[in-house]
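Novice: I have a structure I would like to understand better, so I am pasting it below and will then ask my questions one at a time.
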Amino acid sequence: MNINLALVGNPNSGKTTMFNELTGSSQYVGNWPGVTVEKKQGKLKKHKDISIIDLPGIYSLSPYTLEEVITRDYLIDEKPDVIINIVDASNMERNLYLTTQLVETGIPTVVALNMIDVVNKNGDKIDVAELSKELGCPVIETSAIKGNGIRALASESIELAKSNKENIIKNIFSDKIEDSINEISELIKNDIDDESNKYWYSIKLFEQDEKIIDKLNLSETKQNKIKQIVEKLEEEFDDDAEGIVTTERYNYIEKVIFKCYKKVYREMTNSDKIDSIVTNKWLALPIFFGILWLIYYVSISTVGDWTIGYVEDFFGIIQDGSISVLTNLGASEWTLDLVGNGIIGSIGAIFTFVPQLMILFFFLSLLEDSGYMARVAFIMDRIFRKFGLSGKSFIPMLIGTGCSIPGIMASRTIENEKDRRMTILLTPFIPCGAKLPVFAMFIAMMFSEQTWVGPSIYIISIFTVIISGIFLKKTKFFAGEPAPFVMELPTYKIPRLKGVAIHMWEKAKSFIKKAGTIIFVSSVVIWLLQSFSFSLEYLPPERVSESMLAGIGEAIRWVFVPLGFGDSWAPAVASMTGLIAKEVVVATFASVGNAMPIQFTQVTAFAFMIFTLFAAPCFAAIGAMRREFGNWKLTLFAVGYQTGLAYILALLVNAIGSIIFKGSQVTTSKTLNISAMEEASESAVVNGDIVLIVFGIILLVAIAIGVTNKIRNSKKHIAVSK
Amino acid sequence: MKRLENIEPGSTVKVKKLDGKGAVRRRIMDMGITKGTKIFIRKIAPLGDPIEVTVRGYELSLRKEDANKIVVE
């Protein structure tokens, strides 16, 4: 017998931990068809025939958020055998609100009263038997973190599935409402095939839930009749139907809590004490930047940087080893080149980032699991919402200074769909670690006396993010009804190492899998193009100008003529090879530059940098965008927007620069000095204090907002006193 | 009519009515702010918005523009 158990619960109720405890490691992570909401599925430990479906964390079964609609549709249409409702026992009042709705679906429900250890530690008492009676379904005490009660929960769920014992639906509403719901029930009894969820449908119709009204396709007379019933009560209660139902649900829960929950009076919890420091008016921002700096310092600058060395050495050994093996086997020159540079070289380039990413994800998981991430949103929201982002967008963008891919992946912590999309689209605008060598190269060769060029790249990038945000907010993908920013601030917890480790490993795994495959395939393709002529003759690196790649570059270079760097095919090709990884741009200049001179002026060099900064990111990042957007349409829109904007900005730089500096040395062509190139790109011209620059700018913005607030408030006071 | 947006931190108020409609209003109610609920205003974020309140035993943050829809006494 196959049994489906659905895990449903509020965010922060310990649902993920519970899922991991129930399934062990045998789980499958995907997205719901067509949307980006994560779909996790697994088998109950030691029970191959019992599936556990982890539904998204939600507060209600309202029709307004994607997560809620997914959960509703799943429960009503797919009908799992049992709902396991995870309830945070230390925050019962709001958690039970969802429970009352789940019980009404007619699907046998078992409540896992989770985090019971926290309640016991606080000295509070819960009358479980009474609670079970009030809710009309079995209640099991659990602590997913400590692994307590898991077995009891599993066996209770299986038993419930086998016996198919229905929930006892309690009449939680006042008599008048209950009568109306029954009236609606009677009215629609022939429109619903399934007796068990008739009550649920009736309540939704009473709430005038548009999605359900459409779904049931009731006759006009019936719809009008329901409307009459509802309107009469709305007038009597002086509230709309949704408001009446919600208020009565909470009133009922208050009664249940009063009966079943004995709370010890506490003055200030540890969580309150932490919070009073961490979100303190004056300390909040310094603490926040301190934490970020530390994370960045450890994962990107120090430990992360050392690991890059190790990984490079490791792949160097593999490369040398396989080449010597192949040479001994008598492999041809092009096989050596393909295996050594095409395959191992490019995979190695990706893997150099993996340890860095894992360290970064480790810290992010810590922030997430400890409850600090929600405070980040609380502190930063004011700044970011101005351009269509939310407070939580800060983290992905900061990570983006290292690499866009984990940045894009980190956007998953943003609940709001629109904010998340915007963050995914804008994160690649932040100069990532792989773009730095390109800037470093040009700065060293073309702008050695202009120290402002490095920082200006960052300033331009931040302004472009801001202006794009304001602009895109008005386009169809991002416009629409403003979503409320009503966010729970969970109590601080000490993160569990196991949870953090699982979190970190899952992220790293999906990075390696997705990025690995895309990069691998595209690197091989580019290698083929650059190593063979159209007549399929193998070309050694010095003859690159005869390759297919050069041919393609020659064919498309006219596109870049308005930007100032379309005179030869090399920059055009470099822009294309940049799609593999942005560091490859430098490598391309180096290998092409050996065969022929490449010329730039200061103006066209700047235009090239601007184009590289904003144009489509590398394939791996496009893959990550595709994964997080959940569809190609939006991905293509994003890549198109990025490339289009890059083109326009580079065009402006070239056009305006050529006019202003006409005839001066700024517009004089200069041949790139290839022999000094690799060295130049390694130098730390811009590497230095990026984080400090970014922080400095944001701090300035924050101060500016603070000051304008003060001025505005004092003006208000003056106006009031007048 | 007093609105949650204008209440000084440190005070407790009772919800009288919720303005607005659709998703925003429902979300606020789903989070436990319904007619008659007691709300304690804990603090204002360092940059002046959003605000943090205690409602039904947990901490909730909401933007001032949303808090403006909550009529209190």
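Novice: First check a/c for segment A:558-616, with a ≥ b ≥ c the square roots of the eigenvalues of its C-alpha gyration tensor; if it is under 1.5, answer rounded, and if not, answer prolate when a/b is larger than b/c or oblate otherwise.
Specialist: oblate
Novice: Please find the FRET efficiency linking A:Y265 to A:V521, where r is the Cβ-Cβ separation and R0 is fixed at 56 Å, and quote it to the nearest 0.05.
Specialist: For A:Y265 and A:V521, the calculated efficiency is 0.35.
Novice: OK, next. When Cβ neighbours within 10 Å are restricted to other protein chains, what is their mean count per residue of peptide A:379-386?
Specialist: Neighbouring Cβ atoms belonging to other protein chains average 3 per residue here.
Novice: Would you please give the FRET efficiency between A:I467 and A:D305, computed as 1/(1 + (r/R0)^6) with r the Cβ-Cβ distance and R0 = 30 Å, to the nearest 0.05?
Specialist: Rounded to the nearest 0.05, the efficiency is 0.35.
Novice: Tabulate in residue order the Karplus-calculated ³J(HN,Hα) for segment A:104-110, using 6.51 cos²θ - 1.76 cosθ + 1.60 with θ = phi - 60°, rounded to whole Hz; enter x for Gly and Pro.
Specialist: Using θ = phi - 60°, the values come out as 5, 5, x, 8, x, 10, 10 Hz.
Novice: Put one equal scatterer on each alpha carbon of chain A, apply the Debye formula with no solvent term, and list log10 I(q)/I(0) at q = 0.07, 0.08, 0.10 1/Å to two decimals.
Specialist: So the normalised log intensities work out to -0.60, -0.76, -1.06.
Novice: Now for a different question. Mind giving me the nanometre distance, one decimal, between the label points for B:R3 and A:K170, set 7 Å out from Cα along Cα→Cβ?
Specialist: Here the modelled spin labels are 3.7 nm apart.
Novice: Just counting partner chain Cβ atoms within 10 Å, what average do the residues of peptide A:82-94 show around their Cβ?
Specialist: Averaged over the peptide's residues, the number is 2.
Novice: Right, something else. May I ask which of A:K15/A:K46; A:K48/A:K146; A:K15/A:K162; A:K79/A:K507; A:K227/A:K259; A:K125/A:K176 have a Cα-Cα span longer than 27 Å here?
Specialist: Violating the 27 Å Cα-Cα cut-off are A:K79/A:K507; A:K227/A:K259; A:K125/A:K176.
Novice: Could I have the simple spin-label model distance between A:E195 and A:A501, label points 7 Å from Cα toward Cβ, reported in nm to one decimal?
Specialist: Taking the two extended label points, one gets 5.2 nm.
Novice: State the antiparallel share, in %, of DSSP beta bridges confined to chain A, rounding to the nearest 5.
Specialist: If I count the DSSP bridges inside chain A, around 45 percent turn out antiparallel.
Novice: From the phi angles alone, apply the Karplus equation (6.51, -1.76, 1.60; θ = phi - 60°) to segment A:387-400 and give each ³J(HN,Hα) in whole Hz, x where the residue is Gly or Pro.
Specialist: 10, x, 10, 10, x, 6, 6, 4, 4, x, 6, 5, 4, x
Novice: What is the calculated FRET efficiency for B:T54 to A:I188, with r their C-beta to C-beta distance and R₀ = 56 Å, to the nearest 0.05?
Specialist: Between B:T54 and A:I188 the formula returns 0.85.
Novice: Placing +1 at every Lys and Arg Cβ and -1 at every Asp and Glu Cβ, with all other atoms neutral, what dipole size does the protein assembly as shown have around its Cα centre, in debye to the nearest 20?
Specialist: Charge dipole, the protein assembly as shown, about its Cα centre: 1760 debye, nearest 20.
Novice: As a test of the formula, what do you get for chain A when each DSSP H run with n ≥ 4 contributes -39,500 (n - 2.57) and the sum is divided by the residue count, at 222 nm and rounded to the nearest 500 deg cm²/dmol?
Specialist: For chain A, the value works out to -19000 deg cm²/dmol.
Novice: Restricting to Cα pairs below 8 Å that are 6+ residues apart, what does the relative contact order work out to for chain A? Please round to a whole percent.
Specialist: It rounds to 10 percent for chain A.
Novice: Starting from 0 in steps of 5 Å, tell me what percent of the Cα-Cα pairs of segment A:318-442 lands in each bin.
Specialist: Reading upward from the zero bin: 2, 10, 16, 16, 14, 10, 9, 7, 6, 5, 3, 2, 0.
Novice: Expressed in nm to one decimal, what extension gain is obtained for the pair A:W452 and A:I291 from 0.36 nm per residue of sequence separation less their Cα-Cα distance?
Specialist: Gain on stretching A:W452 to A:I291: 55.1 nm.
Novice: Specify the angular offset, from 0 to 90 degrees and rounded to the nearest 10, of the alpha carbon long axis of helix A:92-103 from the longest principal axis of the alpha carbons in chain A.
Specialist: 80 degrees
Novice: Taking 7 Å along the Cα-to-C-beta vector as the label spot, tell me the A:E554-B:N68 distance in nanometres, rounded to one decimal.
Specialist: 6.3 nm
Novice: In whole Å, how far is the Cα centre of segment A:50-89 from that of segment B:24-42?
Specialist: 23 Å
Novice: Let me confirm one metric for peptide A:237-250, namely the mean number of other chain beta-carbon atoms within 10 Å of its residues' beta-carbons.
Specialist: What the average comes to for A:237-250 is 4.
Novice: Also, quick follow-up: Order the peptides A:613-626, A:487-500, A:163-176, A:409-422 from the highest to the lowest mean number of other Cβ atoms within 10 Å of their residues.
Specialist: A:613-626, A:409-422, A:487-500, A:163-176
Novice: Residues of segment A:209-243 with backbone nitrogen within less than 12 Å of a virtual label 7 Å along the Cα-to-Cβ line of A:D179, please, listed as ranges.
Specialist: Counting only backbone N, you get A:233.
Novice: Can you tell me the alpha carbon radius of gyration of segment B:2-72 divided by the globular rule-of-thumb value 2.2 N^0.38 Å?
Specialist: Its radius of gyration relative to the 2.2 N^0.38 Å reference: 0.97.
Novice: Also: Positive end of the charge dipole of chain A (Lys, Arg +1 and Asp, Glu -1 on Cβ, about the Cα centre): tell me which of A:L497, A:V298, A:H47 has its Cα farthest that way.
Specialist: Ranked along the dipole, the leading option is A:V298.
Novice: Hey, could you pull the Cα Rg and Dmax for segment A:175-262, both in Å?
Specialist: Cα-based Rg and Dmax for segment A:175-262 come out at 14.2, 50 Å.
Novice: Wrap a convex hull around the Cα atoms of segment A:102-149, take a quarter of its surface area, and give that in square nanometres.
Specialist: 3.6 nm²
Where a number appears in this text, it was derived from the coordinates with a stated rule and is not lab data. The shown structure was predicted, so the numbers you read here are calculated from the model rather than taken from an experiment. When we count neighbours, we look across all protein chains shown, and the Cβ atoms used for this are built from the backbone with ideal geometry, even at glycine.
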